[in-house]
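Reviewing the structure listed below.
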Amino acid sequence: PPRSTLFPYTTLFRSVPISFTTKIGKASTKVSNTAFDKGDEVGLFATLTSSGIEHNPYINNLRLVCGGGSLLTPEKMVFYPEGDFSLDFISYYPYRSVGKTEDSALLPVAVEKDQSDTLKDSQSDFLIARKNKVQSSSKAVELEYDHKLVKIKITLTHGQDEHVEDMLKANPRITATGFKTQATYNLKEDVFSELSHPADIITFGKWSIQEERLTGKEFIILPQSVSES
């Protein structure tokens with residue numbers, strides 16, 4: 001089999017291709033809730049078990065595209081290292097061509113300022129999947145993604161002299177003010193840092209009436225402390 005050039009510290013051979021399937025945890029911020037849509041793209045890193053992700057990962061920000069069902073198709077074929085090695089996988093959504101910062105475990109993350117349509121709302125999400133100590137196998141690696149951001153759902157209650165039907169006709173516009181929209185995520189330590197770029201966020205969804213209240217508007221934000229002022 002051909003030599004692998006993906007890992008510089010030892011001579012490895014590759015023979016068994018790696019395939020992937022996906023599912024999303026029960027919490028939901030993504031538009032389709034617990035499934036990826038066809039054409040969605042995720043990024044993938046892999047290291048030899050016990051090796052750090054910071055320097056020269058075995059697989060570095062490989063783009064995977066969701067096809068039919070739960071299958072993920074890599075942009076190029078990747079193989080397990082031959083021998084008594086195992087791999088630790090970290091995958092994230094949505095895919096970013098820039099990937100992590102060189103010689104670090106830091107990945108840039110951002111939410112859209114305008115989340116009013118389904119594409120921008122979905123692109124504002126951020127999910128992570130981890131699978132450790134995976135040995136060479138013909139079975140697909142199942143990546144289960146967990147949501148890392150916060151979804152805020154808005155409910156409006158009418159006043160004493162108001163009617164909820166009139167509120168629905170008025171179609172109130174909601175803008176979330178002053179939330180930070182960019183950060184870095186540490187793939188190794190599972191924490192956000194360096195939050196920046198505060199902005200007004202335009203919400204997603206349409207109003208509807210439930211139990212004499214308006215509901216249906218929502219927006220996604222990075223985990224952050226909020227001033228009471």
Task: Members of the range 31-55 that are free of Cβ contacts under 8 Å to residues at least 60 places away in the same chain, over 21 Å from the mean Cα position of the chain (by Cα) and loosely packed, with under 15 Cβ neighbours inside 10 Å - done: Ser50, His55
- [ ] Name the single residue, out of those in the range 121-173 being of a type in the set (D, E, K, R) and part of a loop (DSSP other than H, G, I, E, B), that is surrounded by the most Cβ atoms within 10 Å (Cβ to Cβ).
- [x] Asp125
Task: Unique match (being more than 21 Å from the chain's Cα centre (by Cα) and open to solvent by less than 50 Å² (accessible area, probe 1.4 Å)) among Gly205, Gly178 - done: Gly178
- [ ] Kindly check whether there is at least one residue in the range 129-137 that is within 12 Å of the chain's Cα centre (by Cα) and among the small types (Gly, Ala, Ser).
- [x] yes
Open item on the list: I need the full set of residues from the range 57-84 which are surrounded by 17 or more Cβ atoms within 10 Å (Cβ to Cβ) and part of a loop (DSSP other than H, G, I, E, B), in order please.
Closed with: Pro57, Tyr58, Val78
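The values are calculated or read from the model by the stated rules, or taken from the named source; none is laboratory data. Everything numeric in this text was worked out from a predicted model, so none of it was measured. Don't worry about glycine lacking a Cβ; one is built from the backbone with ideal geometry, like all the others, and counts go over all protein chains shown. Areas reflect the complete protein model, heavy atoms only, side chains present, ligands, DNA and RNA absent. Shrake-Rupley method; radii C 1.70, N 1.55, O 1.52, S 1.80 Å.
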